[in-house]
Structures are given as C-alpha cells and as structure tokens.
C-alpha cells in the first residue's frame with residue numbers, strides 16, 4: 001500500500017470510539033452486517049431501462065448472502081421477456097454482490113437488481129421481522145394460483161373514453177355500460193384457470209366457458225361492448 005508524503009509525516013493518533021456497523025433487521029434478528037454472508041432476506045424491487053419503454057419487477061430470496069430464489073417479471077418491451085428468461089438462470093446461486101456486478105441482459109433488470117441490493121443491505125426487506133425469513137418458493141405467492149403476473153392494461157382517449165383490456169382477474173372480454181354509457185362492470189376470462197381446465201381434460205370451448213367471470217353490475221348493463229373492437 002502506498003501512502004503520500006503528507007500522510008507519512010503525520011503523527012500517529014489512535015482511533016477512539018468504534019462500535020462497528022449499525023445492526024439491521026434480518027429475519028427477526030438484529031445483524032451487524034460485515035460480510036456478504038451476513039445478509040439474508042426476501043424483497044422486491046422495480047427497474048426501468050434508459051428510454052423508459054419497459055420495466056421489471058424483481059423478487060429475490062437471499063439466504064446467507066446467496067440468492068436462492070428469483071422471480072423476474074417484465075412489461076413493455078418484447079425483448080425483455082427473453083432477457084428475463086436468461087436472468088432467471090443467472091441469478092440463483094450468486095451472491096448479491098456478484099449479481100449486482102453481473103450483466104442481467106436487460107437494463108431494466110439490472111436497475112431492479114441495484115434497487116434490491118440497496119434494500120437488502122440496509123435491512124429494508126419484506127422478511128425483516130419474519131422469524132427464519134420466508135421459505136424458498138415464497139416468491140411464487142405473488143403470482144396467485146394461476147402463476148401469472150398481476151397485470152393491468154387500460155387505454156383511454158378524450159374522444160372515446162376508457163377501455164379496460166386486462167385486469168388482475170383476467171383478460172377483459174366485455175365492458176358493461178349503463179344508460180349514460182358509463183362503465184358499471186366488466187366481463188373477463190382467466191387464462192390461468194382456462195389452461196388448468198384444458199390440462200385437466202376439458203375441451204377448449206368448455207374450458208373457455210368455465211374460466212369466464214364478471215365484476216360489478218354486469219347484469220344491470222344496458223349494453224356490453226368489446227373493448228378491442230368498439
């Protein structure tokens with residue numbers, strides 16, 4: 001190690017108070033994190049690319065500094081889905097420091113990793129006060145029984161008003177309107193349920209009918225419009 005002449009000529013002053021790192025909450029324990037292996041927790045983070053045409057929600061479950069589980073969800077850019085596929089292979093097994101300095105293919109995923117790193121090393125995780133943290137597999141719980149991302153897609157114009165295209169419930173097939181052409185409900189189909197019915201042996205038409213649902217005062221509607229055509 002090289003010291004400058006100015007430092008070399010200084011007199012020695014011993015360091016006084018040194019309490020070490022401030023403890024952070026990790027899985028119902030207070031931890032003085034000094035090394036990567038001291039870090040554990042499950043949390044989420046959001047990232048975006050430079051042109052802001054797409055975003056990523058990243059969920060990591062870290063145990064003893066190593067990523068054990070990763071959920072990568074992207075929206076907005078077609079190429080991001082392929083990047084997410086690669087990132088889901090890259091992340092598990094790496095330490096959070098390795099992951100921070102690894103090219104995760106898409107800028108939005110890299111940015112999400114940066115935001116997660118900050119949360120995790122500062123003790124601001126979802127599992128900070130959960131004894132022993134959350135089990136591996138907890139990330140999937142965000143997706144619900146259909147194992148699909150929670151997506152909302154809406155479109156509106158001043159001239160023609162709003163169009164509901166997709167809700168958490170599912171793909172919107174009809175918008176229910178009252179006498180004043182105001183939205184009072186919607187009909188939808190749950191693709192996750194539909195695929196489950198097909199895998200269980202139902203034909204496509206039967207599965208389609210069984211996977212349909214509605215929300216609001218659909219039965220009181222004066223008319224129901226197709227949001228993609230009308």
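The values are calculated or read from the model by the stated rules, or taken from the named source; none is laboratory data. All figures in this text were calculated on a predicted structure; none of them were measured in a lab. For neighbour counting, all protein chains shown are included, and Cβ atoms are generated from backbone atoms with ideal geometry for every residue, glycine included.
Structure data summary
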quantity	calculated
Residue match in segment 198-210 (condition: surrounded by 15 or more Cβ atoms within 10 Å (Cβ to Cβ) and within 26 Å of residue 76 (Cα to Cα))	no
Condition check for residue 184: modelled with pLDDT of 95 or more, touching a helix residue (DSSP H, G or I) at 6+ places or on another chain (Cβ under 6 Å) and surrounded by 14 or more Cβ atoms within 10 Å (Cβ to Cβ)	no
Residues located in segment 60-82, provided they are under 19 Å from residue 101 (Cα atoms) and surrounded by fewer than 22 Cβ atoms within 10 Å (Cβ to Cβ)	63, 64, 65, 66, 67, 68, 69, 71
Of the criteria (1) touching a strand residue (DSSP E or B) at 6+ places or on another chain (Cβ under 6 Å); (2) modelled with pLDDT under 95, which one residue 146 fails	(1)
Condition met for residue 50 (more than 17 Å from the chain's Cα centre (by Cα) and closer than 21 Å to residue 136 by Cβ)	no
Any hit, segment 42-60, residues being touching a strand residue (DSSP E or B) at 6+ places or on another chain (Cβ under 8 Å), more than 19 Å from residue 74 (Cβ to Cβ) and assigned to a helix (DSSP H, G or I)	no
Answer from 143, 147 - the residue that is surrounded by fewer than 12 Cβ atoms within 10 Å (Cβ to Cβ) and closer than 18 Å to residue 75 by Cβ	147
Positions within segment 114-129 being buried (at least 16 other Cβ atoms within 10 Å of the Cβ) and more than 28 Å from residue 49 (Cα to Cα), in sequence order	128
Strands (runs of 3 or more DSSP E) within segment 63-174 that include 2 or more residues in contact (Cβ under 8 Å) with a residue 40 or more places away in the chain	66-75, 161-166
Extreme residue, surrounded by the most Cβ atoms within 10 Å (Cβ to Cβ), among residues of segment 10-31 that are under 28 Å from the mean Cα position of the chain (by Cα) and assigned to a loop (DSSP other than H, G, I, E, B)	27
Scope segment 182-229; condition assigned to a loop (DSSP other than H, G, I, E, B) and touching a residue at least 12 places away in the same chain (Cβ under 8 Å); matching residues	190, 211, 217, 221, 222, 226, 227, 228
Options 136, 184, 189: the member that is within 30 Å of residue 30 (Cα to Cα) and touching a strand residue (DSSP E or B) at 6+ places or on another chain (Cβ under 6 Å)	136
Condition broken by residue 155, with the remaining ones in (1) touching a strand residue (DSSP E or B) at 6+ places or on another chain (Cβ under 8 Å); (2) surrounded by 13 or more Cβ atoms within 10 Å (Cβ to Cβ); (3) more than 30 Å from residue 70 (Cβ to Cβ) satisfied	(2)
